[in-house]
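To start, the structure under review is shown below, and the notes come after it.
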Amino acid sequence: MEAVSDESSFSRNSREQDEGRYRSGNLILWIAAIAVLIGLNFASWSFCMWVFGQPEHPMNYRLLTKLDKMDPIRGFLPFTAPRGKFYSAKDLYANVFPYNPTELRAYNGILKRHYLKNYLERDDVVFLSGEFAVESVQEMGADDVFTSGIVIRGRSTTFPDVILDFALPSESPPETFGLKNGDIIQVPESSTCAALLHVDRRKDSVMVFTVVPLVTRTPGVNGGPIRMEKEFELAENAKVVISTPSSIQIDPERWPISTPEDSLIEIEEKPVDLAPAEEEETEAAPE
């Protein structure tokens, strides 16, 4: 029988070379597979961090609430409300006026993020207080940020470049609400804690501040259970029982909540005034 030479395909050297190439090929495939898995793991981790870290994005918020991974929004008692600073209309306007559109968009996102997270470990909440002249009272519905309740649109009596969007969420909004255009309302400080949720800058440099009360719980009487709602009175015939909804709708097109001031005809036609319509007096015809 003919001896097998060192150069033959059956020789030891040839087999070792084939096995080396096979092992090196497998090693490259394993390295590639591990790199892909690491990349997928990093992408998954980054996506989760983004979703949980920025719930103010509509897609993230819908995903978190659908998966029940978001704590419900809750109201506070007067003595448990988060700490912050109360601003007048003029002071708050001065604070946010320098923001460019990109900065203002980021600022609005932070405001909503803190609200959705119940101001956990926050002591820098922005509160608005002051006196405002009512321009309209509108009922909130399914297409609004808060799907039930009323929103009062008013202009600051001390700084006219500020418009107030005062959202009062309620499970049972009143059928009548005795406020009319020109009435003066007071947004108090500690008894309401009207937190800023959104800033809208108009072309004429007027700003619309959307605020919502954080104090929506009432202490129990004589040690009784805490009520999860609170009656808020703006005038003698303007009362509403406010409560904090467990979730809201935060899509960008829903802000600000009330109808713009420059659509006065539309406001009259909606109708949005919850106060009973006054009967018009008819003049007697001359004899």
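Read the figures in this text as sums done on the coordinates, not as results from a lab. As the structure is a computational prediction, the values presented were derived from the model and not from experiment. Cβ placement follows ideal geometry from the backbone for every residue including glycine, while neighbour counts extend to all protein chains displayed.
Worth a mention:
- Placing a label point 7 Å from the Cα of Lys90 along the Cα-to-Cβ direction, the residues of the range 170-207 whose backbone N falls under 18 Å of that point are 187, 206-207.
- Cross-link pairs Lys69/Lys230; Lys66/Lys117; Lys85/Lys239; Lys117/Lys230 - those with Cα-Cα distance over 23 Å: Lys69/Lys230; Lys85/Lys239
- Peptide ranges 191-203, 62-74 listed from the most packed, as the mean C-beta count within 10 angstrom indicates: 191-203, 62-74
- Ratio Rg/Rh, restricted to the range 84-269 and using Cα atoms, in which Rh is the Kirkwood radius: 0.94
- From phi via Karplus (6.51, -1.76, 1.60), per-residue ³J(HN,Hα) for the range 243-254 in Hz, x at Gly/Pro: 8, 8, x, 6, 8, 10, 10, 10, 4, x, 6, 8
- Theoretical gain in end-to-end length, Thr147 to Phe52 [0.36 nm per residue, Cα-Cα removed]: 31.8 nm
- Distant-in-sequence amide H partners of Gly149 (H built 1.01 Å from N, under 5 Å): Met140, Ser170
- In this simple spin-label model, placing a label point 7 Å from the Cα along the Cα-to-Cβ direction at both Phe79 and Phe97 gives a separation of 4.0 nm.
- Dipole-positive endmost among Met140, Ile163, Ala195 within the range 84-269 (Cβ charges, Cα centre): Ala195
- Set of lysines with alpha-carbon distance to Lys90 below 20 Å, sequence-local pairs under 8 removed: Lys203
- Sequentially through the range 30-42, phi angles give Karplus couplings (6.51, -1.76, 1.60; θ = phi - 60°) of 5, 4, 5, 5, 5, 5, 5, 4, 5, x, 5, 5, 5 Hz, Gly and Pro residues having no value and appearing as x.
- Less than 5 angstrom separates the built amide H of Ala194 from those of Leu128, Leu214, all sequence-distant by 5 or more or on a different chain.
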